[in-house]
Amino acid sequence: MSVSTVESPGSKTAIAVTPPAPATSERKGLTKKEIAADHPTWCPGCGDFSVLALYFKLIEKRKLEHEKITTVAGIGCSSRFPYFVQAHGVHYIHGRALALASGISLSRPDLHPFVFGGDGDAFSIGGNHFTHTARKNINLTYVVMDNWVYGLTKKQTSPTSPLGFKSKTDGWGAVDYPINPMKQAIAAGATFVARTTHTNPKHVLDMMEAAIDHDGFSFIECLSECVEFYEGAFDASNPRKGGEFITVPSDHDVRDEMAAYKLADMPFPGYFGIFYQASKPSKNTKEAEIIANAREKVKGLEDWQILQKTFDRLK
Ligand SMILES: Cc1ncc(C[n+]2csc(CCOP(=O)(O)OP(=O)(O)O)c2C)c(N)n1
Ligand code: SF4
Ligand SMILES: [Mg+2]
């Protein structure tokens, strides 16, 4: 409904009320052109381009509404992601993207935040946030663009770098045992754990679609090659480079945690697909129940009256 003032003869101002416009037909989905912001500043050939293109595809295919798209990232080449998406997004503190996204998810249950970041962001500085967001089963999707190296800071060993990798921090070759993101996610309590690679676009989109449909914390490890500091790292998983892309066996039961762990234990290139999926109430659901119960107890009161009661109790 719109209200406007009009001059009428012999009187002061009359108010004209326009009746509400009839409900419009279904909203048109966004196009890639509408959702793409700046030209990505990644090196030509970087795997991250492909992940961004598939996020755009997801938005187009699922007709996500502009105001519902929320993209969060930490710091790193991969974490520049939200700059390139013309929608709400935050380029946040190194390793803290999940903490911020958890707040967004819990306070706005109508949103499904997508968090993007690198292996350093996720498993070094952000290691504890990863564990706790997973165990709390907070409703969001976390895509770790794993390139086995710190790209932005120009080639330091990351927690996923393989033994022997020569970097600026390990000139003699990495000596620390790498972490296995899939095992880490399963053990931490993530309720959706999948693995994909930027060289198989259809598969990346399938994993993103399955993740957005999951109620709870969904984690996707997406191999994304850093052509500048770790060229060829994932050739063994790329059939175009003589490697093998093997999907999770069709008889694998995604509810079987031990079976998922065994898949995750395979040496590189391993399997691709959904390793584990469990149906458990998310923290969002549990908090919504607590809020509904609390509201029931103060039914009929205005918000200010509820607050006044709290102040009175504190006296
Ligand atoms: C608190 C803090 N410590 C360290 C840094 C420096 N730093 C920025 S990005 C980064 C690692 C990036 O690696 P990764 O997360 O794997 O992302 P990539 O660049 O490989 O995509 C580091 C150590 C920082 N920005 N803030
Ligand atoms: S340094 Fe590596 S990860 Fe960063 S933009 Fe270049 S290719 Fe991509
Ligand atoms: Mg990295």
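Tabulated data
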quantity: Test: residue in segment 138-145 that is under 21 Å from residue 207 (Cα atoms), free of Cβ contacts under 8 Å to residues at least 60 places away in the same chain and either within 15 Å of ligand 2 (Cβ to nearest atom) or charged (D, E, K, R) (or both); calculated: no
quantity: Residues (assigned to a helix (DSSP H, G or I), under 27 Å from residue 227 (Cα atoms) and either within 16 Å of ligand 2 (Cβ to nearest atom) or more than 11 Å from the chain's Cα centre (by Cα) (or both)) located in segment 72-105; calculated: 78, 79, 80, 81, 82, 83, 84
quantity: Output for segment 116-137, where each listed residue is small (Gly, Ala, Ser), away from ligand 2 (no atom under 16 Å from the Cβ) and touching a residue at least 40 places away in the same chain (Cβ under 8 Å); calculated: 126, 134
quantity: Flag if residue 160 is within 16 Å of ligand 2 (Cβ to nearest atom), part of a loop (DSSP other than H, G, I, E, B) and either in contact with a helix residue (DSSP H, G or I) (Cβ under 6 Å, 6 or more places away or on another chain) or among the acidic types (Asp, Glu) (or both); calculated: yes
quantity: Pick from segment 218-245, criterion under 24 Å from the mean Cα position of the chain (by Cα) and outside any loop (DSSP other than H, G, I, E, B), ranking: farthest from residue 167 (Cα to Cα); calculated: 218
quantity: Which listed residue is in the same structural domain as residue 121 (by TED's automatic domain parsing), within 20 Å of residue 201 (Cα to Cα) and in contact with a strand residue (DSSP E or B) (Cβ under 6 Å, 6 or more places away or on another chain), from 72, 85; calculated: 85
quantity: Meets criteria (assigned by TED's automatic domain parsing to the domain that holds residue 51, away from ligand 1 (no atom under 13 Å from the Cβ), of a type in the set (A, V, I, L, M, F, W, C) and over 22 Å from residue 278 (Cα atoms)) for residue 90; calculated: yes
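A quick yes/no check of all residues on (1) near ligand 1 (Cβ under 9 Å from one of its atoms); (2) surrounded by fewer than 24 Cβ atoms within 10 Å (Cβ to Cβ); (3) assigned by TED's automatic domain parsing to the domain that holds residue 162; (4) closer than 22 Å to residue 157 by Cβ:
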position	(1), (2), (3), (4)
97	no, no, yes, yes
101	no, no, yes, no
108	no, yes, yes, no
121	yes, no, yes, yes
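The values are calculated or read from the model by the stated rules, or taken from the named source; none is laboratory data. Quick caveat: nothing in here was measured; it's all calculated off a predicted structure. Here the Cβ is made from the backbone with ideal geometry for all residues, glycine too, and neighbour counts use every protein chain on show.
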